[in-house]
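Have a look at the structure below before the remarks.
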Amino acid sequence: MDWIIISVLAVALVALCAWLMIALARGRKAQWHFQVLAEIAAVSDAAGSLGETFDAICDILVPDVADFCTIDVIEAGRPRRAALRVAPGADANVERGLAEREPSLPEPMVDGEDEAALRPRFFERMSDQDLRGISHDDDDFEFLRGIGVRSAVTVALQARRQVKGALTLGVAWSGRRYRREDAHFAWVLSGRVALALDNSGLFADLERAEGARAEIAETLQHGLLPPPLPHIPGWSLAAMYRPAGSENEVGGDFYDAFRVGGGWMLVIGDVTGRGARAASITALARYTLRTAVELTDDPLVALRALNRALLARHDTSLCSIAALTLSEDPAEPVRLAVAGHPPPLLVDGAEVSEAVGADAVLGAFSDGEWEIRESAVEPGQQLVLITDGIVEAGGAEGRFGEERLWAELAAAANPAHTVQRLEAALRSFTEGQLDDDVAVLAISRSPSEPPPSAAAAVATAIGSGDG
């Protein structure tokens, strides 16, 4: 009897040891599975590009989990191979063949319309019949058979209740086989891979949206950029526009030029705010002025129309304007209207003075009044219009200021020279870092034109408006 008891105890001990070994192996495998899932979660959190994410996932799974791994995405009802990794030891043609062949996913998985789409496809022992079922033709069958696949599992990648792709894992030349628990792990794994796919897809959508917004903004910006100055017989013109900031093309300052009855109207302006808000007010100002002048040929009507449009926004949108009209008759003086803007400067050699005063800013008062004044500009003289970004520009020495501005103007010989000097002086003073937009508009009478009549040499108020 003793030997029977001993034999039973020995068998029980062997069975216990075997169970402990199996439990320990399963524990190690479960721990390894958790590690794989954690690594894929880290890839998902990294939120790189879709290609980078898929490549990183394949690198985690091959060769530890699979001899080969493919990730396919479903686009417009068709699968597309997005990533592939093949472990060392395969025939040289395996990787190229898997990359080039059209994915063979279960139809319900591609359709993604019901619960069948989420059912994994698992081949525990791959047979020729199984290979026939997933091959596209005889050549594809021979290629798949040549790989020597022993086991394979394909699981759907579902994100936001939509099947967006599939993950396929296979073992062949390593001699391994998948069991049911491996197929279950692949199903768990698909959730993490789908999360990475969703995260990358969301970022890709955001990138596409940002790209679309950037393209729209660039189109709008180029539409708001100041136009080339026209050729006006009898006059020399030059202009400069520099927005603040390294990534902006359009800010709150602007200039424009358009025809009016019997001549041209030149406008320089400054609106409140920055970025998109400033751009919207700039567009409103430019096109309101253009439309009103084209319809009426009256600058005062244009100023009143813009004032009403700004007040209608109900958001304290303000706009300062300096507008001048050049007649096609060289004997006519320049006609000026200034609304809350730095006064135009008359440059006569080394002497600089304000040509006219300023009236109320646009957008502030419903009963604002504006006047058109006349100023003579004789050959050799310049009329220079600026925005306050010049005098307010900051540098190591404080503000650029009016004194420095007037000194630069006094040393300029003509409009082109004026613009060049001011641009160079600003760049040097601010070290290329403007903190506000800058615009300059300079005109002079061509030397060949006769001077205007003496009666027009004094600035005179000739009109008024009542907002």
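Worth pointing out:
- For the residues Gly349, Gly432, Gly401, Gly394, the requirement of being closer than 22 Å to Thr272 by Cβ and among the small types (Gly, Ala, Ser) singles out Gly394.
- Matching residues in the stretch 277-292 - criterion: being surrounded by fewer than 23 Cβ atoms within 10 Å (Cβ to Cβ), in contact (Cβ under 8 Å) with a residue 24 or more places away in the chain and of a type outside the set (Lys, Arg): Ala283, Leu284
- Applying a threshold of 6 Å to beta carbon distances and a minimum spacing of six or more residues, or different chains, the list of pairs starting in the stretch 385-409 at a residue that is over 13 Å from Ala425 (Cα atoms) and ending at one that is of a type in the set (Gly, Ala, Ser) and buried (at least 18 other Cβ atoms within 10 Å of the Cβ) reads Leu385/Ala322; Thr387/Ala439.
- One residue from Ala83, Ala76, Ala66 being of a type outside the set (Val, Ile, Thr) and at pLDDT below 90: Ala76
- Residue within the stretch 406-425 that is over 25 Å from Leu266 (Cα atoms), out of contact with any Cys (no Cβ under 7 Å at 6 or more places or on another chain) and assigned to a helix (DSSP H, G or I) present: no
- Strands (runs of 3 or more DSSP E) wholly inside the stretch 350-399 containing at least 1 residues that are over 22 Å from Asp436 (Cα atoms) and among the charged types (D, E, K, R): 351-354, 371-375
- Residue in the stretch 99-129 that is modelled with the lowest pLDDT, counting only those that are in a helix (DSSP H, G or I) and of a type in the set (A, V, I, L, M, F, W, C): Ala116
- Residues that are without any contact (Cβ under 8 Å) to a residue 40 or more places away in the chain and on the phi > 0 side of the Ramachandran plot, drawn from the stretch 295-332: Asp297, His314
The values are calculated or read from the model by the stated rules, or taken from the named source; none is laboratory data. Keep in mind that what you see is a predicted model, and the values were worked out from it rather than measured. So basically every Cβ, Gly included, is an ideal-geometry build from the backbone, and we count neighbours across all protein chains shown.
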